[in-house]
1. Need at least 3 residues that are farther than 30 Å from VAL10 by Cβ, open to solvent by 30 Å² or more (accessible area, probe 1.4 Å) and modelled with pLDDT under 90 per element, so show me which helices (runs of 4 or more DSSP H) inside segment 80-170 make the cut, counting only ones lying wholly within it.
2. Any idea which residue in segment 68-79 is modelled with the lowest pLDDT, counting only those that are in a loop (DSSP other than H, G, I, E, B) and surrounded by 15 or more Cβ atoms within 10 Å (Cβ to Cβ)?
3. Could you please find all residues in segment 12-31 being under 18 Å from THR121 (Cβ atoms) and either small (Gly, Ala, Ser) or touching a residue at least 24 places away in the same chain (Cβ under 8 Å) (or both)?
4. Within segment 171-198, can you find the residues that are aromatic (Phe, Trp, Tyr), farther than 25 Å from ALA229 by Cα and buried (at least 17 other Cβ atoms within 10 Å of the Cβ)?
5. Quick check on TRP197: is it under 19 Å from the mean Cα position of the chain (by Cα), more than 25 Å from LEU550 (Cβ to Cβ) and among the aromatic types (Phe, Trp, Tyr)?
6. Is segment 348-363 home to any residue that is open to solvent by less than 20 Å² (accessible area, probe 1.4 Å), touching a Lys or Arg at 6+ places or on another chain (Cβ under 7 Å) and over 27 Å from LEU605 (Cα atoms)?
7. Please go through segment 38-67 and pick out each residue that is open to solvent by 40 Å² or more (accessible area, probe 1.4 Å) and either modelled with pLDDT of 90 or more or of a type in the set (A, V, I, L, M, F, W, C) (or both).
8. Could you tell me how many of the residues in segment 1-58 are part of a helix (DSSP H, G or I) and closer than 30 Å to ALA145 by Cβ?
Amino acid sequence: MLLGLGVLLVLSAIGLRHVVKDVPFTLDAAEIQHEGGLLYRAPMKRRLSWPWQPISDHQYSPRRSRLILLEDDRLIGHAHSDIDQIKTLGAGRYAHWVNALFFSSSDRTDPRANKRRYHGTLSAGVAPRLVQQLNEIGSAMILSALGALLWLRRRRLSQLLRALLSRWRGRLPDYLLALAGPALVSLWELVSLPLMWNGSDSSIWLLWQWHWIPHHPPIYPAFMALANALFDTPESVVRFVATAQHAATVLAIAYLATAFRRRWQILWMSLVGTFAVAGGVYAQGLFTEGLASAFFLFFLGAVLRLYRDGTTRPVLAALGLGLLAASLTRHAYIFFALVPVAYLVIVQLFTRALPVRERLRTLSVVFALVGGVALANSLVVQYACLMLDSQCTSIIGRAGVYRMQDAYVLVPGDEREGWLARLVERAPDRFVAEAIPLMVTAPNPWTGPRDAIALDSALSGQGEDRLMNAGFMRFLTWPDRYVLRQWWRQLGQALLGPGGQGYCAGHPSCVLQGSARSVEEEFPADPRSVAAVVGTGAEEPGTGARYRELERQDLVRVLDRLLPLAPEPRAAFLALSLLLGLAAMLRQRNLDFAAVVLALWSGALAYALALTLVTVVLPRYVLPIDNVLWLANGLAIIGLLARRDPRGVAAR
């Protein structure tokens with residue numbers, strides 16, 4: 001009862017944060033205060049009766065407010081303006097910051113004496129303090145109930161722990177064998193290689209961890225916040241992060257490999273797992289892939305145990321936890337939920353010996369598991385945003401702008417105006433209609449469209465991400481031939497890689513190239529980044545040359561051939577992988593074996609389609625496909641070398 005009531009209170013708190021209403025307001029001259037220069041301030045918090053409170057911007061949600069300010073009947077200035085700019089530049093700028101409105105008049109006159117009417121609408125939500133209290137009480141109830149359950153079942157838990165330790169002791173040589181290879185590789189990288197960098201994302205993780213949770217899965221920001229809390233210097237932070245990521249990757253590879261019983265298979269799959277994560281180079285720096293890949297390999301290890309043991313409770317728990325952790329580090333991993341579903345659907349459809357009721361029960365269990373993971377993912381994200389009092393924001397439109405601009409380039413020059421007009425006609429409202437041309441034509445697609453929308457006074461207060469998300473969804477659902485052509489090109493990049501001549505021959509060289517560009521071009525352009533990496537070596541002029549020297553090493557070239565990102569070698573790699581899988585299925589003639597190989601390929605295809613539809617294709621985003629392909633390749637080699645057996649190769 002305590003657990004249920006706690007969950008109910010937390011869910012109520014999450015739900016109340018989404019209760020919003022628009023409220024008109026008018027500023028009285030008597031309540032406006034002069035703050036110096038051209039800046040004026042008006043309090044907003046007490047305009048509403050309890051429990052309503054204006055939704056304003058703050059440090060974790062600097063563009064959350066939807067307040068619209070009018071001067072007489074004309075929209076005034078630019079929302080979310082910097083307060084110092086309002087003070088010095090004025091000319092119709094405003095910001096709704098921490099329950100106060102900061103603004104200037106359109107002609108720099110005193111709004112208390114120019115006899116103009118200042119009014120508008122603001123969005124109001126349930127008072128954050130009330131919502132936080134409900135959440136805190138509910139969270140305390142949940143923790144208390146879980147603690148009580150653990151205490152009441154302490155004997156059973158002790159028995160399970162002893163049984164687990166006994167099983168581990170029985171397979172200790174297998175675990176040591178599985179750990180040896182990846183541990184040696186990771187140790188060599190930690191000692192010999194410089195820290196790796198991912199451009200401005202790396203300095204973001206060093207400077208603003210919690211700020212990214214509103215539009216980023218919460219695990220990596222929380223991990224980086226922990227690292228920054230434990231250590232004082234950037235070098236110590238990054239070293240800790242790299243060590244933790246390597247350790248997680250090594251353990252995940254060992255878990256994956258020990259799904260097999262025979263020593264040569266364990267050793268082989270340990271080697272395959274090391275290749276699958278690009279030799280661990282992503283774990284050597286500030287990449288979300290450094291953690292996401294480890295969680296994903298744990299999930300894939302659970303898939304192999306599903307193939308070996310069936311739908312046992314430990315297997316289902318490992319599947320759910322692995323997929324949840326991976327998707328809370330990078331949302332797109334949720335599409336790999338298709339792997340266990342596809343595996344069981346194939347097995348249940350073609351296993352005639354099982355009763356229909358048993359088949360349906362098994363399928364219902366795995367569908368419930370996948371649905372539970374998706375629901376838990378959403379609730380964890382919402383809970384994190386609730387704890388920060390920030391608005392969870394999808395930024396799918398920011399990546400979608402790349403897609404829109406690519407399609408626009410495909411349109412012949414004399415047809416572009418008409419094509420853009422037809423896209424604008426699909427807009428759900430006039431604000432999105434005005435934003436779409438800015439999204440399509442603004443330079444620098446990552447920040448240019450957002451900045452252009454923010455500077456357009458007609459769109460002030462509408463929310464750049466909301467407009468970009470809505471505009472992209474209209475583009476995404478438009479059956480236009482140029483849109484479809486862009487889809488096809490995107491799918492080609494997802495499957496055949498976004499690399500090419502002189503750019504990203506493979507994952508290792510791509511990380512080294514990106515690290516060199518970071519320290520030579522991106523960090524020096526931003527003084528905050530330079531300050532953030534002091535002591536790590538990234539601030540030294542000669543560091544970029546070291547990355548480029550490493551890129552030319554023979555070992556890197558070999559790894560690039562095993563993990564290609566350029567179209568031609570990647571097409572050959574995919575073809576060889578497919579042939580290996582087909583040959584192994586013909587060799588084994590075992591339904592379970594064929595089902596797991598086909599399920600892995602279906603998961604890779606589902607993820608490639610996700611990259612096609614909802615995001616851009618960056619080299620590191622292709623890594624999960626390579627994780628799956630290398631696992632399928634390793635499984636195929638085992639299938640070709642192992643004797644034919646109706647029990648399947650993992651059981652032997």
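The values are calculated or read from the model by the stated rules, or taken from the named source; none is laboratory data. Bear in mind that the values here come from a model prediction, so they are computed numbers and not experimental data. Here Cβ is always computed from backbone atoms with ideal geometry, including for glycine, and neighbour counts include all displayed protein chains. Side chains are part of the model used for accessible areas, which takes the heavy atoms of the whole protein and leaves out ligands, DNA and RNA. Shrake-Rupley method; radii C 1.70, N 1.55, O 1.52, S 1.80 Å.
1. In segment 80-170, 83-88, 154-170 are the helices (runs of 4 or more DSSP H) which contain 3 or more residues that are farther than 30 Å from VAL10 by Cβ, open to solvent by 30 Å² or more (accessible area, probe 1.4 Å) and modelled with pLDDT under 90.
2. Checking each candidate, the answer is GLY77.
3. VAL19, VAL20, LYS21, ASP22, VAL23, PRO24, PHE25, THR26, LEU27 - these are the residues of segment 12-31 that are under 18 Å from THR121 (Cβ atoms) and either small (Gly, Ala, Ser) or touching a residue at least 24 places away in the same chain (Cβ under 8 Å) (or both).
4. TYR175
5. Judged against the criteria, TRP197 is not a match.
6. No, segment 348-363 contains no residue that is open to solvent by less than 20 Å² (accessible area, probe 1.4 Å), touching a Lys or Arg at 6+ places or on another chain (Cβ under 7 Å) and over 27 Å from LEU605 (Cα atoms).
7. Within segment 38-67, ARG41, PRO43, TRP50, TRP52 meet the criteria.
8. 15
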